[in-house]
1. State log₁₀ I(q)/I(0) for the stretch 139-182 at q = 0.14, 0.18, 0.24 Å⁻¹ as given by the Debye formula over alpha-carbon point scatterers of equal weight, solvent excluded.
2. On the principal axes of its Cα set, how long, how wide and how thick is the stretch 150-252? Give whole Å, largest value first.
3. Over the stretch 106-241, what is the relative contact order in percent, taking alpha-carbon pairs closer than 8 angstrom and at least six residues apart?
4. Placing +1 at every Lys and Arg Cβ and -1 at every Asp and Glu Cβ, with all other atoms neutral, what dipole size does the stretch 1-129 have around its Cα centre, in debye to the nearest 20?
5. With every protein chain in place, what's the accessible area of Cys283 (1.4 Å probe, Å², nearest 10)?
6. Kindly provide the chymotrypsin sites (Phe, Trp or Tyr not before Pro) of the stretch 82-160 that DSSP labels as loop, not H, G, I, E or B, and whose Cβ sees at most 16 other Cβ atoms within 10 Å.
7. Out of all DSSP beta bridges in the stretch 160-279, what portion is antiparallel? Express it as a percent rounded to 5.
8. Provide the descending list of Cα extents for the stretch 88-170 along its principal axes, expressed in whole angstroms.
Amino acid sequence: MERTFLVTGAAGFIGSHSVDLLLASGHAVIGLDNLRTGRLANLEQALRSGRFTFVEGDAADEATVDAVFAGRRIDGVLHLAALVSVPESFREPALNFRTNVAATDVVARACLRHGCPRVVFASSAAVYGDRAELPNRESAVPQPMSPYAAAKLASEELLLGYAASYGLQAVCFRYFNVYGVRQDPGSPYSGVLSIFTDRFAAGLPVTVYGDGEQTRDFVSVHDVARANATALIAEAAGSGRFNVCTGVAVSLNRVLDVYRRLYPSSAGVAYAEARVGDIRHSCGDAGALAKRFDVRARVEIEAGLGALVRGE
Ligand code: UD2
């Protein structure tokens, strides 16, 4: 049965991939984005589909969101619209609150008013902070270490509170280190894999901060989009928090081995001082997502980087 889903932050990295997958699954999608960091170019394919409607606007603006819901039946919301830069959340805490907390409230209350049963929300592994005991499980006590992480956690709490109060289904996904095409490599705080791919492709050297033995749970955007779409489409979703990760810790040195095979004549690698505030290791437990939604990340790092380099 064709259903209609609203994706906020549709023109962003994860948003546009999620839109593409929902459309490919035969659904109709409304995309809302204020184009502050999202790019219309990411939606090129979607805009040609005939089942995609784009609305330029801010998810924190009540009237805008209300107008999107008015007069149509929306079967679920994928709420990805966010201020995505952690450093920016330190510089602009009020904007961080508006975008990463207040907008969640606006979207959730619109769902309640208009009878939309489900919100799938983009939270972050950042809510865990720097925990010694890995892998991170959803039951761990969160330790936000940035305004960004605090806001993501606050939104989770708000949604789960509304779920308990009003029967909204709230699925909070804690994304780990997501990578893939359409991720902006433009800032020093962009994801390391988009920076490395961008630079190797241009024949430029990369910098590794620290000894390269730090690890991350790198998850392909295609696996993330599949988790998002599955949670929206699932017959019954319930509510809860779920890691979206591979469960595998991969070091930067291992990543560099993969790049050396992809770019045999690549430019060099320089090692520099570790970044202040960097986390040494991060890895999630993927069990809860697999159990609830039968979704497992299946793109391994070699294949995922190969696809990224080919632009897929
Ligand atoms: C994420 C956030 C970051 C901060 C951190 C806190 C993103 C993209 N970054 O960083 O802002 O909030 O979580 O937990 O969401 N690295 C290099 N060379 C580069 C770029 C990065 O060696 O050119 C290193 C970096 O120092 C780190 C690792 O690569 O050790 C991963 O960096 P990242 O920024 O991709 O991700 P993360 O989890 O450290």
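1. -0.44, -0.66, -0.93
2. Per principal axis, max minus min of the Cα coordinates gives 54, 27, 25 Å.
3. Working: 149 pairs, mean separation 38.9, N = 136.
Value for the stretch 106-241: 29 percent.
4. Numbers: 12 positive and 13 negative charges, 53 e Å.
That gives a dipole near 260 debye.
5. Near enough 10 Å² of accessible area.
6. Working: sites: Phe90, Phe97, Phe121, Tyr128, Tyr148; in loops: none.
Listed in order of number, the matching sites amount to none.
7. Details: 2 of 14 bridges.
Here the share of antiparallel DSSP bridges comes out near 15 percent.
8. 42, 30, 16
The values are calculated or read from the model by the stated rules, or taken from the named source; none is laboratory data. These figures come from a predicted structure and were not determined experimentally. Every residue, glycine among them, receives a Cβ derived from its backbone with ideal geometry; neighbour counts consider all protein chains shown. Ligands, DNA and RNA are excluded from the accessible area calculation, which covers all protein heavy atoms including side chains. Shrake-Rupley method; radii C 1.70, N 1.55, O 1.52, S 1.80 Å.
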